[in-house]
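The values are calculated or read from the model by the stated rules, or taken from the named source; none is laboratory data. Remember, it's a predicted structure, so these values are computed and weren't measured experimentally. Quick reminder, even Gly has a Cβ in these numbers, built from the backbone with ideal geometry, and neighbours come from all protein chains shown.
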Protein chains: 2
Amino acid sequence: MARLVMKFGGTSVGDIERIRTVARRVAEEAAEGHQVAVVVSAMAGETNRLVDLCRQIAPMHDAREYDVVVSTGEQVTIGLLSMALQALGVEARSWTGWQIPVRTDVAHGRARIQDIDTAELIHRMEQGQVAVVAGFQGIGETDNRITTLGRGGSDTSAVALAAALDADRCDIYTDVDGVYTTDPRIVPKARKLARITYEEMLEMASLGAKVLQTRSVEMAMKHAVRVSVRHSWPQYWAVPGTLVCSEDEIVEKEVVSGITYSRDEAKVTLSRVSDKPGVAASIFGPLAEGNINVDMIVQNVSEDGHSTDLTFTVATGDLDKAVSLLEARRDDLGYSDISSDSNVCKVSVIGVGMRSHAGVAQTMFKALANRNINIQVISTSEIKVSVLIAEEYTELAVRALHTAYGLDAA
Amino acid sequence: MARLVMKFGGTSVGDIERIRTVARRVAEEAAEGHQVAVVVSAMAGETNRLVDLCRQIAPMHDAREYDVVVSTGEQVTIGLLSMALQALGVEARSWTGWQIPVRTDVAHGRARIQDIDTAELIHRMEQGQVAVVAGFQGIGETDNRITTLGRGGSDTSAVALAAALDADRCDIYTDVDGVYTTDPRIVPKARKLARITYEEMLEMASLGAKVLQTRSVEMAMKHAVRVSVRHSWPQYWAVPGTLVCSEDEIVEKEVVSGITYSRDEAKVTLSRVSDKPGVAASIFGPLAEGNINVDMIVQNVSEDGHSTDLTFTVATGDLDKAVSLLEARRDDLGYSDISSDSNVCKVSVIGVGMRSHAGVAQTMFKALANRNINIQVISTSEIKVSVLIAEEYTELAVRALHTAYGLDAA
């Protein structure tokens, strides 16, 4: 008998029939004797509808009132799912964020969970009642008003609840049956991973694999919550998903666990920036103030020895803003030329095994060179190597690397 | 400077443009220096959509979960209206039932308000903040769960809030510009009443004039809340509506204030019921147990002197059930025949002036006799006389009575 948190997203509860299907899955787990809490999102499309109403009434609106409106989406789902469970003979009740309560800070529209009071939930779960909890919402610590965690926050709600309940596992039901070595749409030989570490998942999540929200993985790692990614369709219920867990739980570590790519990258190059202390700060300061995240950065000594070329990447949507911010400061920064390119892609190899294996980067460079793919920028961390390449080579590069690291399914 | 509660129903807040219009009206009152609380319903159609979701997921469902789902309709409106007010530069914030809190009993789906905590609201209203309050909802006293007051409960919320706030007036904005002497669709010469007493309004409300919910009028009378019925469209804002108030506030009392009619009536006649003690109880007991409201009752001594004929009316929708309940007990009740007729209409004349004027009923009977309209059943109370007639004479009877009591507009 275990204590489980199960999370179902908007598509899984998108209509009455799907809510009934979710209820059947929850009933199965309850019938096994598990203590179950279910975290749900708003029905698919509902959050967008509510956000749209807010925008229509006032483009600039009070984030506290936005939370009042948008939090209703999850509230509808918890009521309906509780009814569906009761119709199956499962004892269940719904819980809004303020009822539990899930206390958050008062950063309305993007609040962070501070504390979850679980005494009453645990008491009822021990007596066999399923707790049906609204994801994505809480109550502000100091203002006692409804808060929301920001888009995609239901994963975070589920993991935070699992941590607070000291749950044995947090099952995230989604539209894929697990985490793959790479995108199966590009590499048909991609394999589903049985287990992956938090660190690897974090790199995967932030590098473009859209299985779990980054924040939820950070929280899982911090509180050592075992997260299982599973498919929400009935035909997959018997299939194990991918377990995201700590390194200790993984006996056979692969050197490389996955290959990811992100096309949402744009490259900016400043030529002949004067090579003196403080120049990097004077360039990246204005970008940070403009809320632009800079990802990869490379600095080369230029031929004349007195100046330097600086290349960095930003999200495609931030490119125009970044360029105009830097052009406005051209005189201060003293560069000779600015150029940009959004037809680029970042490809990364990820694996905690890299820490103890040499030559991982070399394998990557060789595989890409063999296909005549030029590497424009390189960046590395303890458990990943990323390269920026021309966007047209994306699929070719991902396939080559998947093979080179021995990840292809037999 | 006054303290006002303003209430807007589902049609008045039916879309973004209408919510903006409501905000303009509220802003006008706030600009006059009044302290304002606004009570709103769900956007038109929204409550039906939510109720339908509940019915689809489970025809028989937990009323507590129903309240969780259905209460979201008003929650959306209060957020949007607060945003619209803020966009006009009016300080405003939304309040759900549990935030105020509006404490109710735990009869989920049809809860009754017990108590409203107004200290914080008054504090903020005194500082110029408009309170935007979700109608139709509260929080259960003993279970701390969301409750709803039942359909049409927003009028009741508004009046209860006005009572708790000790407001100078409760303005109910609706789709008519006041209370008329009778239905203007039948009598073009119907006049809008400047004032009407609670007692009269109560008779009007329960007799088919659908301006205010009966429960809200009862509550207004109990707490002496002055209620003004007004049109929500901007072209009517300068037009005074009808004030529902106590008799003391009405200087010139008319003998008859209004004529109402209700087609939702059906007549049942039991012939030759044995005329002995307890027979009425044995007939109406089963109907009460079957949740059937019996309205008018007449008992005549029959020709033989040993038995009696009994006629009564029920709502049309209850007719079949009433007849079959009585047929099932035919042997116990010992009547010779049962007959029914749903082609009947109840017409009533209402006025507190009747108390001090004789001959009011006589005027009615004469006016109907002059048109050859046969009276089937008569019932009276202190401030009304009702007659049951064949449905086809409805309009003729209402017009004749409107003229007979001198109510026609000049």
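Looking at A:GLU126, A:GLU91 in this structure, which one is within 11 Å of chain B (Cβ to nearest Cβ), over 25 Å from the mean Cα position of the chain (by Cα), over 25 Å from B:GLY79 (Cα atoms) and not hydrophobic (A, V, I, L, M, F, W, C)?
A:GLU91
So is B:SER71 more than 7 Å from every other protein chain (Cβ to nearest Cβ), in contact (Cβ under 8 Å) with a residue 12 or more places away in the chain and among the polar types (S, T, N, Q) or not? Working first, answer last.
Working: more than 7 Å from every other protein chain (Cβ to nearest Cβ): yes; in contact (Cβ under 8 Å) with a residue 12 or more places away in the chain: yes; among the polar types (S, T, N, Q): yes.
Against the criterion (more than 7 Å from every other protein chain (Cβ to nearest Cβ), in contact (Cβ under 8 Å) with a residue 12 or more places away in the chain and among the polar types (S, T, N, Q)), B:SER71 qualifies.
Have a look at B:ASN374, B:ASN343, B:ASN291, B:ASN370 and point out the one that is farther than 25 Å from B:VAL179 by Cβ, within 23 Å of the chain's Cα centre (by Cα) and without any contact (Cβ under 8 Å) to a residue 60 or more places away in the chain.
B:ASN291
Which of the residues spanning region A:162-184 are crowded, with 19+ Cβ neighbours inside 10 Å and part of a strand (DSSP E or B)?
Matches in region A:162-184: A:CYS170, A:ASP171, A:ILE172, A:TYR173, A:THR174, A:TYR180.
State the number of residues belonging to region B:241-267 that are in a loop (DSSP other than H, G, I, E, B) and either closer than 30 Å to B:ALA400 by Cβ or among the acidic types (Asp, Glu) (or both).
Going through region B:241-267 one residue at a time, the tally reaches 9.
Looking at region B:138-186, which of its residues are modelled with pLDDT of 95 or more, more than 15 Å from the chain's Cα centre (by Cα) and under 30 Å from B:ALA410 (Cβ atoms)?
Correct list: B:ARG169, B:ASP171.
Hey, among B:ALA119, B:ALA131, which residue is out of contact with any Gly (no Cβ under 9 Å at 6 or more places or on another chain), crowded, with 24+ Cβ neighbours inside 10 Å and modelled with pLDDT of 95 or more?
Working: B:ALA119 fails: crowded, with 24+ Cβ neighbours inside 10 Å.
After applying the criteria, what remains is B:ALA131.
Let's see how each residue does on (1) outside the structural domain of A:GLU265 (by TED's automatic domain parsing); (2) in contact with a His (Cβ under 9 Å, 6 or more places away or on another chain); (3) closer than 25 Å to A:VAL22 by Cβ; (4) not charged (D, E, K, R):
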site	(1), (2), (3), (4)
A:THR182	yes, yes, no, yes
A:ILE186	yes, yes, no, yes
A:ARG191	yes, no, no, no
A:THR197	yes, no, no, yes
A:LEU202	yes, no, no, yes
A:ARG215	yes, no, yes, no
A:ARG226	yes, no, yes, no
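Within region A:39-66, count every residue that is within 11 Å of chain B (Cβ to nearest Cβ), outside any helix (DSSP H, G or I) and more than 17 Å from B:ASP15 (Cα to Cα). Explain how you work it out, then say what you get.
Our first condition is that a residue be within 11 Å of chain B (Cβ to nearest Cβ); within region A:39-66, this holds for A:42-43, A:46, A:49-50, A:52-66.
With outside any helix (DSSP H, G or I) added as a condition, the list becomes A:42-43, A:58-62.
Still in the running and more than 17 Å from B:ASP15 (Cα to Cα): A:42-43, A:60-62.
The qualifying residues number 5.
Could you tell me which of the residues B:VAL159, B:VAL187 is assigned to a helix (DSSP H, G or I), of a type outside the set (Ser, Thr, Tyr) and in contact with a helix residue (DSSP H, G or I) (Cβ under 9 Å, 6 or more places away or on another chain)?
B:VAL159
Go through region B:318-410 and tell me which helices (runs of 4 or more DSSP H), entirely inside it, have 2 or more residues that are closer than 23 Å to B:LYS253 by Cβ.
In region B:318-410, the matching helices (runs of 4 or more DSSP H) lie at B:360-370, B:394-404.
Which numbered condition trips up A:GLU141, out of (1) at the interface with another protein chain (Cβ under 10 Å from one of its Cβ atoms); (2) free of Cβ contacts under 8 Å to residues at least 40 places away in the same chain; (3) of a type in the set (D, E, K, R)?
Only one criterion is unmet by A:GLU141, namely (1).
In region B:1-38, how many residues are part of a loop (DSSP other than H, G, I, E, B), in contact with a Lys or Arg (Cβ under 9 Å, 6 or more places away or on another chain) and of a type in the set (Val, Ile, Thr)?
Just the residues of region B:1-38 that are part of a loop (DSSP other than H, G, I, E, B), to begin with: B:1-2, B:9-15, B:32-34.
Then keep just the ones that are in contact with a Lys or Arg (Cβ under 9 Å, 6 or more places away or on another chain); that gives B:2, B:11-12, B:34.
From what is left, the residues that are of a type in the set (Val, Ile, Thr) are B:11.
Residues meeting the conditions: 1.
Evaluate the following for A:THR156: is it more than 12 Å from chain B (Cβ to nearest Cβ), touching a His at 6+ places or on another chain (Cβ under 8 Å) and among the hydroxyl-bearing types (Ser, Thr, Tyr)? Walk me through how you get there before you give the answer.
On the way: more than 12 Å from chain B (Cβ to nearest Cβ): yes; touching a His at 6+ places or on another chain (Cβ under 8 Å): no; among the hydroxyl-bearing types (Ser, Thr, Tyr): yes.
Against the criterion (more than 12 Å from chain B (Cβ to nearest Cβ), touching a His at 6+ places or on another chain (Cβ under 8 Å) and among the hydroxyl-bearing types (Ser, Thr, Tyr)), A:THR156 does not qualify.
Of the residues that sit in region A:259-288 and are in contact with a strand residue (DSSP E or B) (Cβ under 7 Å, 6 or more places away or on another chain) and free of Cβ contacts under 8 Å to residues at least 40 places away in the same chain, which one is nearest to A:VAL323 (Cα to Cα)?
Here the residue is A:LEU287.
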